[in-house]
1. Report, by residue number, each residue of segment 275-317 that is part of a strand (DSSP E or B) and either over 24 Å from Gly36 (Cα atoms) or in contact with a Cys (Cβ under 7 Å, 6 or more places away or on another chain) (or both).
2. Scan segment 244-270 residue by residue and report those that are in contact (Cβ under 8 Å) with a residue 24 or more places away in the chain and either surrounded by fewer than 19 Cβ atoms within 10 Å (Cβ to Cβ) or among the polar types (S, T, N, Q) (or both).
3. Confirm whether Gly305 is crowded, with 17+ Cβ neighbours inside 10 Å, under 25 Å from Leu428 (Cβ atoms), in the same structural domain as Leu81 (by TED's automatic domain parsing) and in contact with a strand residue (DSSP E or B) (Cβ under 9 Å, 6 or more places away or on another chain).
4. Please find, among Thr93, Thr98, Thr107, Thr72, the residue that is under 19 Å from Cys355 (Cβ atoms) and β-branched (Val, Ile, Thr).
5. Kindly indicate whether Arg184 is under 21 Å from the mean Cα position of the chain (by Cα) and of a type in the set (D, E, K, R).
6. Criterion first (assigned by TED's automatic domain parsing to the domain that holds Trp280 and touching a Cys at 6+ places or on another chain (Cβ under 9 Å)) does Pro341 satisfy it?
7. Filter segment 344-379 down to the residues that are aliphatic (A, V, I, L, M) and over 19 Å from Pro322 (Cβ atoms) and list them by number.
8. Taking the stated definitions as given, is Arg227 assigned to a helix (DSSP H, G or I), surrounded by fewer than 21 Cβ atoms within 10 Å (Cβ to Cβ) and not hydroxyl-bearing (Ser, Thr, Tyr)?
Amino acid sequence: MNILLITLDQFRGDCLSAAGHPAVKTPNLDRVAAEGVRLGRHYSQAAPCSPGRASLYTGLYQMNHRVVGNGTPLDRRFDNLAHAARRAGYAPTLFGYTDQSVDPRETTGPDDPRLLSYEEILPGFDVGLRLTAGDPAPWMSWLRALGHRIPDAPDAVLAGEPERPAEHSMSAFLTDGFLEWLNRQKRPWFAHLSQFRPHPPYAAAGHFSTMYDPADMPAPITPAADRHRLHEILTHHPHLKVPADEAGMRRAQAQYFGMVSEADHQLGRVWAALEARGEWDDTFILVTADHAEQLGDHGLMGKAGFFEQSYHILGLVRDPRPGSARGAVVEAFTENVDIFPTLCEAMAIEVPTQCDGVPLTPFLRGEAPPWWRQAAHWEWDWRDSLIASGPHPWPWDRRLERQNLCVRRGETAAYVHFADGSWLCFDLASDPTWRTQISSPAVVLEQAQALLTWRARHADRTLTGMLVEGGGIGRWPVMPADWKDGAHAAG
């Protein structure tokens, strides 16, 4: 099969008309949902972009890959989905960006140009068209060639998208580049189409900027009166503050939904091209995001903290093979660490031992594994706010290791554990908005124990299934009985 992995940056999991959103329209994403599987409770494992993508690309939780911020290097020892695609015989090709900082041990020294930006390319990818938010030079040159007078600052060019035709947007330019490449391909191929939108600035392209009336926007979730100290701090962060007035908030929502619909429109162009080439039924399509968007909920914009709105993302899979599920909605908890293992099985290669995630293959066949996880997990690290205030002598100074949290989101409760030892526990059964806390010691203890068990079960296992014996390295001669029946993935 051809493999098409699509990421839509900062795409909320509820922003699909197929998921019942009251305002946004996504007919092309809805088509994939109707002809494949929609992951109704799909989650990113970290924010912002680099940490979230590191989990997506390696199948590892943040506690194992340790990409804790934009600019944290991705350790060269880790396998990733691009390397796996090469083992399967593909030439994986990137359109857009991956936001993975190079391991300094792989560079030629401090003057290596790859150390100038965190927006580097995941090792293993060929580059069809590199286009980053920080350096969209090919797109900007194209706009000038079309006669547009644009500023030199990329952020200002992006903010000006409503003033130009939608056909001249950053998303359209990247889609054009992908389609030109596609028309030169012979099957099978592997492409990663990494679109920047609906990432801010909140400025949709052309007519998409007026597609939604601000007056029709749903009201965001208001913050709880007893905000946690970290939540209170985040509401004052310059990149996370909501607009000062209700009208400004509604305008931002309308622009975000416009960006969602434009991203959907560009995918419609891709679907049409695949059909024209006779490859719609030969292409495995997986659509997801690196993280989500608060969009005013709990008094926050962007992505940060512990709330679900920053981590609940879209997840759509269309497996073209006969017997695959059609129009199914998976309500089990699925995670972005499952994407790499899923692609490995789609490419008929072994899932690497390093992976914390589990292949979604049973769901794609319409099955419901009884051993599947009972909760979703994510982490957030904010040490970047302290790194510059150093020095932080190692190994005795652990201040940076206190600047993180971990979340377990189950059916009825969400437990948040902070590295300074504090915690929160939310009652989702009575209040799914994350504003009612649980004070029962028995419930809190149960949730904390479940989170601790999750961490214990997902420690690095790269070499733990082997023993050095008798002058050689050998695997365990007999796997535990519960491995065979799938119980290894429970929890």
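The values are calculated or read from the model by the stated rules, or taken from the named source; none is laboratory data. Keep in mind the model is a prediction, meaning the values are calculated, not measured. Quick reminder, even Gly has a Cβ in these numbers, built from the backbone with ideal geometry, and neighbours come from all protein chains shown.
1. Looking only at segment 275-317, we keep the residues that are part of a strand (DSSP E or B), and these are 283-288, 300, 312-313, 316-317.
Of everything in segment 275-317, just one residue is part of a strand (DSSP E or B) and either over 24 Å from Gly36 (Cα atoms) or in contact with a Cys (Cβ under 7 Å, 6 or more places away or on another chain) (or both), namely Leu300.
2. Going residue by residue through segment 244-270, those that are in contact (Cβ under 8 Å) with a residue 24 or more places away in the chain are 247, 249-270.
Scanning segment 244-270 gives Ala247, Arg251, Gln253, Gln255, Ser261, Gln266, Gly268, Arg269.
3. Details: crowded, with 17+ Cβ neighbours inside 10 Å: yes; under 25 Å from Leu428 (Cβ atoms): yes; in the same structural domain as Leu81 (by TED's automatic domain parsing): yes; in contact with a strand residue (DSSP E or B) (Cβ under 9 Å, 6 or more places away or on another chain): yes.
Against the criterion (crowded, with 17+ Cβ neighbours inside 10 Å, under 25 Å from Leu428 (Cβ atoms), in the same structural domain as Leu81 (by TED's automatic domain parsing) and in contact with a strand residue (DSSP E or B) (Cβ under 9 Å, 6 or more places away or on another chain)), Gly305 qualifies.
4. Values: Thr93 fails: under 19 Å from Cys355 (Cβ atoms); Thr107 fails: under 19 Å from Cys355 (Cβ atoms); Thr72 fails: under 19 Å from Cys355 (Cβ atoms).
Exactly one residue qualifies, and that residue is Thr98.
5. Values: under 21 Å from the mean Cα position of the chain (by Cα): no; of a type in the set (D, E, K, R): yes.
So Arg184 fails the test.
6. On the way: assigned by TED's automatic domain parsing to the domain that holds Trp280: yes; touching a Cys at 6+ places or on another chain (Cβ under 9 Å): yes.
Spelling it out, Pro341 is indeed assigned by TED's automatic domain parsing to the domain that holds Trp280 and touching a Cys at 6+ places or on another chain (Cβ under 9 Å).
7. From segment 344-379, those aliphatic (A, V, I, L, M) are 346-349, 351, 358, 360, 364, 368, 375-376; that's our starting set.
Once the filter is applied, which keeps residues that are aliphatic (A, V, I, L, M) and over 19 Å from Pro322 (Cβ atoms), segment 344-379 yields Ile349, Val351, Val358, Ala368, Ala375, Ala376.
8. On the way: assigned to a helix (DSSP H, G or I): no; surrounded by fewer than 21 Cβ atoms within 10 Å (Cβ to Cβ): yes; not hydroxyl-bearing (Ser, Thr, Tyr): yes.
Here the answer is no, as Arg227 does not meet what is asked.
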